[in-house]
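Take a look at the structure below.
All of the numbers you see were taken from the coordinates with simple rules; none came from a lab. Predicted model, so just to flag it, every value in this text is computed and none were measured. All Cβ positions, even for glycine, are placed from backbone atoms using ideal geometry, and neighbour counts span all protein chains on display.
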């Protein structure tokens, strides 16, 4: 698959060199690396806990994200730090927003970890919106386009988003921007035809995010109406590459209704989208009609903006390699059973030294 730019040049690409020249090489390298790696671990089941007291406005803003006096956040990274975006809901599915640091417990490979950083703020996000442009999406495009724009309108004003459409190939229709008009123009470039290469589009988009995003909190939203039938990468390879990039969180909207989708295809596509979201800490949604899509994108926007951000220094040296299973528990006396959603694990990335970069305070 080629991840190509329809109308825009990509940042950092020399003038006159199109994205079609550069990004296929990135995708090829990503897939080659994935094929040599161990297979992804199975998705972790939903995490539930029982109650324990906590207060809402406490927590120590240590590394990796610190607020400076000049109104910026500073992200600090080192080889042992693991960052988690965490969503907590009660038994009725209601989002819980009043927990403090002491309400959470983090485990890596069943070993308790010490929380080094805890934040509950609307941090800016770098977002990739991936829209399936296969032939079967033709009649769904108006509703999908409107929902995609509403997602950005409801996001943090400091967010940046880029737009990708994919069928047998993938195209960047609009590079990183916060401008709704530019994203709307990008949506107008999309033409529905061809097959569905979900995994290749995810790998290439995650790679592009890791190299070009301004914000450490990163999200992939994919909207599709079927299962993959055109990728070079497998589901396992796609998830492994996303985990290798230390994020991003994947949200999926599966439009698995209509006469053109058989029950067998729908069940398989649903399992795929659920696995992608479970492994990365996102969520998968399956509307019963196009009328529900806009409300779902609003729910995604709210989920992204209200997450807890937790970081810890792993007790296991990164040089040991291997997949690490992560589990987070939350307890609060005033609530019943709480469910925690975050990524199910990661592969450690060894960096030569600690680094720091500033991001704007939302």
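Each label point is 7 Å from the Cα along the Cα-to-Cβ direction; what then is the distance between the points at residue 95 and residue 179, in nm?
If labels sit at residue 95 and residue 179, their model points lie 2.9 nm apart.
As an exercise, use a Förster radius of 25 Å and the Cβ-Cβ distance of residue 257 and residue 142 to find the FRET efficiency, rounded to the nearest 0.05. If you can, show how the numbers build up before the last one.
Values: r = 16 Å, r/R0 = 0.64.
According to the calculation, E is roughly 0.95.
Ranking 139, 102 by Cβ neighbours within 10 Å, fewest first, what do you get?
Details: 139 12, 102 16.
In order of increasing Cβ crowding within 10 Å: 139, 102.
How much length is gained if the chain between residue 288 and residue 229 is pulled fully straight, taking 0.36 nm per residue apart and subtracting their Cα-Cα distance, in nm to one decimal?
Details: separation 59, 0.36 × 59 = 21.24 nm, distance 2.28 nm.
Separation in residues times 0.36 nm, less the Cα-Cα distance, equals 19.0 nm.
Could you give the nm distance between label points at residue 193 and residue 264, where each point is 7 Å from its Cα heading toward the beta carbon?
Inter-label distance under the simple model: 3.0 nm.
With a 10 Å Cβ neighbour count serving as the proxy for reagent exposure, in which order, fewest first, do 313, 215 appear? Numbers along the way, then the final one.
Values: 313 17, 215 22.
By the 10 Å Cβ count, ascending, the order reads 313, 215.
Once you have the Cα-Cα distance between residue 298 and residue 274, take 0.36 nm times their residue separation minus that, and quote the gain in nm to one decimal. If you can, show how the numbers build up before the last one.
On the way: separation 24, 0.36 × 24 = 8.64 nm, distance 1.91 nm.
Residue separation times 0.36 nm, minus the Cα-Cα distance, leaves 6.7 nm.
Extension gain residue 320-residue 102, at 0.36 nm per residue separation less the Cα-Cα distance, in nm? Provide the component values of the computation, followed by the final result.
Values: separation 218, 0.36 × 218 = 78.48 nm, distance 2.95 nm.
So the extension gain works out to 75.5 nm.
Sort 159, 109 so that the residue with the fewest other Cβ atoms within 10 Å of its own Cβ comes first and the one with the most comes last. Let's see the in-between values first.
Numbers: 159 26, 109 15.
Result, fewest neighbours first: 109, 159.
Please tell me the relative contact order of the range 204-284 in percent, rounded to the nearest whole number, where contacts are Cα pairs under 8 Å and at least six residues apart. Write down the numbers at each step before the final one.
On the way: 100 pairs, mean separation 29.1, N = 81.
The normalised contact order for the range 204-284 reaches 36 percent.
With just the Cα atoms defining each centre, how far is the range 139-171 from the range 311-325? Give it in Å.
Between the Cα centre of the range 139-171 and that of the range 311-325, the gap is 35 Å.
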